[in-house]
Every structure is written in structure tokens, then in C-alpha cells.
Amino acid sequence: MSHPEKILVTGGCGFIGTNFVRYLFEEAGFDGLLVNVDKLTYSGNPKNLADLAAKAGEKHYRFEKLDITDQAAMAALFDRHGFDLVVHFAAESHVDRSIVGPGEFIQTNIVGTFSLLEAARQAKAKGRPCRFHHVSTDEVYGSLGPTGKFLETTPYDPRSPYSASKASSDHLVRAYAHTYGLDVTVSNCSNNYGPYQFPEKLIPLMICHMLEGKPLPVYGDGKNVRDWLYVRDHCDAVWAIACRGKSGETYNIGGESEWCNIELLRHLCDIVAARLGKPAGAFEPLITYVPDRPGHDRRYAIDCTRIKRELGWKQSVDFQHGLEKTVDWYLGNAAWIKDVQTGEYRAWITRNYADRT
Ligand code: NAD
Ligand code: TDX
């Protein structure tokens, strides 16, 4: 699978999907047809790619507003285009939302992945096999103590409805490879950050709250640890795996940049303050400890030796630089922030998290 020419991207109007589509056209020199399927939930914004769509034209880029759980629609799409590669990002992606309401996570993450796998299986039976790259998360491996890292061989131990739904979809993807001989690859990556991330996730939420003078809610003792991966580096890794990864294999992708939440937040406060010409410490009084997330995983850390050794991938953006670029993007895109924080989103937050409004 060295040069895919017809690609299906699911969830291309979300955070990582948007960055991936941009990466393919703007950096990887992709010259074929990319079909972006997205249901446009609260976290999907078609405007993210409006300029690219206009520039690429119908020959290279098409958008289909569809639900991946619609099996007939997915099968018809595969029939129409004869994809040689599927890159599957579409998901319900926020752990807090999975705690409040797991139903959508089961539907999209499990049933939706199943419906895409069925479409790929039928296409193979009709003589149009494709590679299926499934984008998953390090959260399927569970929670670490102070030491150790997740390897590709670490047993699954998902602990939130979100991670359980992702683990389930990973198992389905592997089962389709074993049972039906589908050409699949899987990646499990750590916390992404960068432009276009919906401002419910830690980094963009905190930047937006600083700009609005709202409390900065830290869950529990703030000592939970995450590994941070700049989204552009994740896209580069996914493309390397999709094109050159070994069929049936899993690759971990990480930033090798572990931070505990409270230290990260203090650092972010300093960067935003400096960018706005405010004194260091200006945002510290907004830091507010709130009750912990139920079942909050303590620490994630990724061993990404395999993808480095076998595919020659490496991170290109260090955390300091990546965080500065991210802050600058949000400071320069106030209209985007306003656009995605719809009334529906604000109502949801008010209903479920009064301490975050
Ligand atoms: P996101 O929430 O920003 O975007 C998800 C996209 O999927 C949205 O555009 C949404 O409209 C679309 N979508 C949701 N349900 C759909 C459905 N039923 N049919 C069609 N489209 C649908 O998520 P993200 O952060 O970009 O995550 C992308 C993928 O990467 C997910 O599979 C997620 O599990 C995985 N991942 C994310 C991170 C991270 O830090 N963001 C880390 C590891 C793995
Ligand atoms: O307001 C907050 N306060 C807070 O302390 C929020 C939103 C988060 N946190 C903490 C919880 C986590 O320890 O910050 C950490 C990061 O939280 P999130 O941004 O919600 O990410 P996380 O739960 O770690 O999951 C993310 O990374 C793995 C993505 O949302 C998942 O899609 C991905 O699979």
C-alpha cells in the first residue's frame, strides 16, 4: 500500500481529522481523491476545511455528511468509490461525555466501526480490497502507576465508557483481519493537542477560560499525568503506518512528553500571560480545584520505540514549541472558538458541569 489514490477519511471535520486532511494535501503531496465522511456532531465543523475544499476541487476532495452507523450508506459509498485506503477517525472522543451519557459512544465507536468493517468486507468480496487504518487511543491499556510505559503488547484494561468503546472497536478490527483477511493496521496514541481541538479538552478549554476570565477547573489533586503529542506529528505517524505499516499490526504513537495536569496548566498560564502582555502569574488566581472525574486514570505513558525503529517516524515538535503554536492559534482564531461554542454546547455544559461555566 505505498501510494493510495482513493482514500476514505471518517471524522475529517473533527480535530485530528481536520489536521490529517490538511497534512495530506499541504504536506504529504497527496494527489488522489479524498472522501471525508462526517456526521457533524457538536465537535465536527465543516468550515475547518472550506478553504481546502475550494482549492482542491471535486476531483480531489469531497465531503459527505453521513453517519458511520448507517451501514447501507457506508456500503454504497464503498461501491461508488472503490477506496484503497480507509483512515477511521470518527468517534465520540470526550471521556467526560462518556461518563454523563455512554449511549452515543457505544453507537458511534462500536456500531459505527462495525458498519465500516462490514462495508470493507463486502468491498473485498467484490474484488475491491482496501487497507483499513483504525485510529485508537492509549486509554485502552488502562492506568499506570508512577513508572512504566504502555507497549503494543500491554493487555487491554479500559476503565471508562469511552475507552471501553474504543477497546471494543479495536478488537472488532483485529477480528476482521483474522477472520476475513482484511488488511488492517491499528494505532494507539496519547493525548493530542494543537489547532482545531474542540475547547472541551484540557488545553483548549483552559486557554478559552483564561480569555474569558473563567475558573480553570482542575480535577482532583491535579497530579494525573498525560503524555502530549502534537497533532501534526500524530498525522505524520498515521500516514506512515497507513502507507508502510505491516498488515495486521499495531503501532503506539506518543509525544514522549509527560506532564502532570497542574504543572502543565501553570506553564500554559505563563505562556498565555506572556502572549497577552500580562504579568507572569496573572491567571493563577483562576485555578480552581474541582471534584475528580469518576474513575479518573492516573497516568498514561507510551513506549513508541516500535514505530520509530520500524517506520523511521519521530516527533518533530517539542512540547514548548507546540504549546506556543497552539496558544497562538487560539488567540488568532476567536471567531472559530465562538462558532464551535454553540448554544447547544453551552447548554450541555451548564446542565452537567455548573462549575465549568
Ligand atoms: P473529535 O471529537 O474532535 O472529532 C470526531 C469527529 O467525528 C467529529 O467531526 C464528529 O462530527 C465525527 N463523528 C462523530 N460521530 C460520528 C458518526 N456517527 N458518523 C460520522 N462522523 C461522526 O475527535 P478527535 O480528537 O479528532 O479524535 C479522532 C480520533 O482519534 C478518535 O477516534 C479518538 O478516539 C482518537 N484519539 C484522539 C485523541 C485525542 O487526544 N484527541 C487521542 C487518542 C486517540
Ligand atoms: O477541565 C478539565 N480539567 C482537568 O483537570 C478537563 C477537561 C480535563 N482535566 C484533566 C483530565 C485528564 O487527566 O486533564 C487531563 C486531560 O483531560 P482531557 O483533555 O479530557 O483528555 P483525556 O481524558 O486524557 O483523553 C484524551 O486523550 C486520549 C482525549 O480526549 C481522548 O479522545 C484520547 O483518546
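The values are calculated or read from the model by the stated rules, or taken from the named source; none is laboratory data. Note that the coordinates shown come from a computational prediction; the quantities given were computed from them, not determined experimentally. Neighbour counts are summed over all protein chains in view; Cβ atoms, including those assigned to glycine, are modelled from backbone coordinates with ideal geometry.
Odds and ends about this structure:
- Flag for His81 being in contact (Cβ under 8 Å) with a residue 60 or more places away in the chain and over 24 Å from Asn191 (Cβ atoms): yes
- When segment 314-357 is filtered for residues that are surrounded by 12 or more Cβ atoms within 10 Å (Cβ to Cβ), charged (D, E, K, R) and closer than 13 Å to Glu200 by Cα, only Arg356 remains.
- Taking every residue in segment 113-124 that is closer than 13 Å to Leu85 by Cβ and at pLDDT 95 or above and pairing it with any residue that is part of a helix (DSSP H, G or I) and not hydroxyl-bearing (Ser, Thr, Tyr), at least 6 positions away or on another chain, the pairs with Cβ-Cβ distances below 6 Å are Leu116/Met74; Ala123/Phe78.
- Restricting attention to segment 79-99, the residues that are within 15 Å of ligand 1 (Cβ to nearest atom) and within 21 Å of Asp67 (Cβ to Cβ) add up to 11.
- Counted as qualifying within segment 125-210 are the strands (runs of 3 or more DSSP E) with 2 or more residues that are more than 12 Å from ligand 2 (Cβ to nearest atom), namely 131-137, 183-189.
- Boolean, Ala72 is closer than 26 Å to Ala237 by Cβ, of a type in the set (Gly, Ala, Ser) and more than 11 Å from ligand 1 (Cβ to nearest atom): no
- Residues that are more than 24 Å from Pro199 (Cβ to Cβ) number at least 2 in the following helices (runs of 4 or more DSSP H) confined to segment 242-357: 305-311.
- Close Cβ contacts (under 8 Å, 6 or more residues apart or on different chains) running from residues in segment 44-60 that are farther than 28 Å from Glu92 by Cβ and at pLDDT below 95 to residues that are β-branched (Val, Ile, Thr) and part of a helix (DSSP H, G or I) are absent.
- The number of residues in segment 10-56 being among the β-branched types (Val, Ile, Thr), crowded, with 24+ Cβ neighbours inside 10 Å and either farther than 24 Å from Ile337 by Cα or more than 10 Å from ligand 1 (Cβ to nearest atom) (or both) comes to 1.
- One residue from Phe63, Phe89 being hydrophobic (A, V, I, L, M, F, W, C) and either closer than 21 Å to Ser187 by Cβ or surrounded by fewer than 16 Cβ atoms within 10 Å (Cβ to Cβ) (or both): Phe89
- For segment 217-232, a tally of residues being within 15 Å of ligand 2 (Cβ to nearest atom) and either surrounded by 22 or more Cβ atoms within 10 Å (Cβ to Cβ) or under 17 Å from the mean Cα position of the chain (by Cα) (or both) returns 6.
- Residue that is in contact with a Pro (Cβ under 9 Å, 6 or more places away or on another chain) and among the basic types (Lys, Arg), where the choices are Arg309, Arg293, Arg298, Arg275: Arg298
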